[in-house]
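Shown next, in structure tokens, is the structure this report addresses.
The values are calculated or read from the model by the stated rules, or taken from the named source; none is laboratory data. Note that the structure is predicted; figures quoted are calculated from it, not measured. Every residue, glycine as well, gets a Cβ built from its backbone with ideal geometry; the counts of neighbours run over all protein chains shown.
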Amino acid sequence: MGLPRVTVFSMGGTISSVDSGGKGVEPTLTGEALVSDVPEIERVAEVSAFSFRQAASPEITVRDLAELAAEISGQIDGGAAGVVVTQGTDTIEETSFVLDRLVDREAPVVVTGAMRNPTLPGADGPANLLAAIQVAASDVARGLGTVVVFNDEIHAARFVRKTHTSNPATFRSDPVGPVGWVSEHLPRVVLRPTGKHKLALPTDARESPVALYHVALGDDGRLLPEIEAKGYAGLVVEAMGGGHVPSAIVDTLEDLASRMPVVLASRTGGGEVLRATYGFVGSETDLLERGLIYAGPLDGRKARLLLTLLLQSGASKEEVAHTFDTWLDG
Ligand code: ASP
């Protein structure tokens, strides 16, 4: 039997960044070059590599990802056992989350990158790419949706976050931890996320910009009215603790929530937004009564992308609330 077929889409980032005579390294290596730099890949899979974008990952947009999701689905339908996406680590937690919503296939979609560029000692790109291809080619990762393979760990897109500016062990999935790992070249999966939460975007999906607002000590909310004035279609509030804001901004939030979906997330980075504990003005009970939508366990960045995709797919405010509400139940 031949080796499984794996498609690699490269999108730039540190993994592909070398010195090109500019101020610092830049993402110039193609997908083909990344694959041919790791001879061990030949023993794992038959790989086709495509350079989908060559950029630093802050340049990637939701529109790019919708296009990439369609390409990925096409590759899987054409017989690929799995797909690997290489890109910058700065936005992996967001891009993997979007791909996980948009690609509805059993075959694994694996996102990876590098923290140390190829010009540095201990560059981690080659090992990450090899491990990503091993996971993409393996049966054990089928049905997991989109995962991030990094530093020999397998992380579910719905939980993963970048937690360090330079450490190769930057990706973490609180509170569950990785869903598996790669040991001696063998992928092992020990946890499976519940539910799939797939979304299909219409071909004429309308632009639906969603603002992300981080609440901080002493905030008086003077920026908030600008959100509607600037044409945003929705807002995610990263509130303090269990979902709390200064009382000075509650009226403005209530006003916005009467005209656009306003989702209440937590800035803490762990746990669910509360629903029924505190009663002060600006508490979670107060804000939910004023029409804000509960983000559950999703952090602000992932909640913003889910709201963006829901709005693009034409969901009503009730459908948006229902999706966030039932997220944990699958
Ligand atoms: N700035 C880079 C990027 O996200 C960082 C990286 O790849 O690690 O494109």
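Can you go through 135, 110, 147, 140 and tell me which one is buried (at least 24 other Cβ atoms within 10 Å of the Cβ), more than 13 Å from the chain's Cα centre (by Cα), among the β-branched types (Val, Ile, Thr) and more than 15 Å from the ligand (Cβ to nearest atom)?
135
Considering only residues that are of a type in the set (A, V, I, L, M, F, W, C) and crowded, with 24+ Cβ neighbours inside 10 Å, look in the range 87-101 and name the one that is nearest to the ligand (Cβ to nearest atom).
92
Could you say which residue among 69, 45 is small (Gly, Ala, Ser) and either touching a residue at least 60 places away in the same chain (Cβ under 8 Å) or touching a Lys or Arg at 6+ places or on another chain (Cβ under 6 Å) (or both)?
Of 69, 45, the one residue that is small (Gly, Ala, Ser) and either touching a residue at least 60 places away in the same chain (Cβ under 8 Å) or touching a Lys or Arg at 6+ places or on another chain (Cβ under 6 Å) (or both) is 45.
Within the range 76-86, count every residue that is within 26 Å of residue 310 (Cβ to Cβ) and surrounded by fewer than 24 Cβ atoms within 10 Å (Cβ to Cβ).
Residues that pass the stated criteria total 2.
Could you tell me which numbered condition residue 26 fails, if it satisfies all but one of (1) away from the ligand (no atom under 12 Å from the Cβ); (2) in contact with a strand residue (DSSP E or B) (Cβ under 7 Å, 6 or more places away or on another chain); (3) without any contact (Cβ under 8 Å) to a residue 40 or more places away in the chain?
Evaluating residue 26 over (1) away from the ligand (no atom under 12 Å from the Cβ); (2) in contact with a strand residue (DSSP E or B) (Cβ under 7 Å, 6 or more places away or on another chain); (3) without any contact (Cβ under 8 Å) to a residue 40 or more places away in the chain leaves (1) as the failure.
What strands (runs of 3 or more DSSP E) lie completely within the range 146-203 and have 3 or more residues being touching a Pro at 6+ places or on another chain (Cβ under 7 Å) and modelled with pLDDT of 95 or more?
153-156
Run down 84, 44 and say which single residue is of a type in the set (A, V, I, L, M), within 18 Å of the chain's Cα centre (by Cα) and either within 26 Å of residue 138 (Cα to Cα) or more than 10 Å from the ligand (Cβ to nearest atom) (or both).
Being of a type in the set (A, V, I, L, M), within 18 Å of the chain's Cα centre (by Cα) and either within 26 Å of residue 138 (Cα to Cα) or more than 10 Å from the ligand (Cβ to nearest atom) (or both) holds for just one of 84, 44, which is 84.
What pairs come out if I take residues in the range 166-177 that are farther than 15 Å from residue 92 by Cα and pair them with residues that are assigned to a strand (DSSP E or B) and at pLDDT 95 or above whose C-beta lies under 9 Å away, six or more apart or interchain?
As it stands, the answer is 174/161; 176/156; 177/153; 177/155, since those pairs meet every condition given.
What about residue 255, is it assigned to a helix (DSSP H, G or I), over 24 Å from residue 60 (Cβ atoms) and without any contact (Cβ under 8 Å) to a residue 60 or more places away in the chain?
So residue 255 passes the test.
What residue, of 66, 70, 56, is within 16 Å of the ligand (Cβ to nearest atom), under 23 Å from residue 309 (Cα atoms) and of a type in the set (A, V, I, L, M)?
So the residue among 66, 70, 56 that is within 16 Å of the ligand (Cβ to nearest atom), under 23 Å from residue 309 (Cα atoms) and of a type in the set (A, V, I, L, M) is 56.
Which of the residues belonging to the range 269-287 are under 17 Å from residue 216 (Cβ atoms) and loosely packed, with under 15 Cβ neighbours inside 10 Å?
Of everything in the range 269-287, just one residue is under 17 Å from residue 216 (Cβ atoms) and loosely packed, with under 15 Cβ neighbours inside 10 Å, namely 269.
For the range 10-53, which residues satisfy the criterion of being buried (at least 18 other Cβ atoms within 10 Å of the Cβ) and not aliphatic (A, V, I, L, M)?
10, 12, 13, 14, 16, 17, 26, 27, 31, 51, 52, 53
In the range 72-94, what residues are of a type in the set (Val, Ile, Thr) and without any contact (Cβ under 8 Å) to a residue 40 or more places away in the chain?
Within the range 72-94, 76, 91 qualify.
What do you reckon, is residue 71 surrounded by fewer than 18 Cβ atoms within 10 Å (Cβ to Cβ) and either of a type outside the set (Lys, Arg) or under 16 Å from the mean Cα position of the chain (by Cα) (or both)?
In short, yes.
For the list (1) within 15 Å of the ligand (Cβ to nearest atom); (2) closer than 25 Å to residue 155 by Cβ, I need the number of the one condition that residue 75 fails.
Evaluating residue 75 over (1) within 15 Å of the ligand (Cβ to nearest atom); (2) closer than 25 Å to residue 155 by Cβ leaves (1) as the failure.
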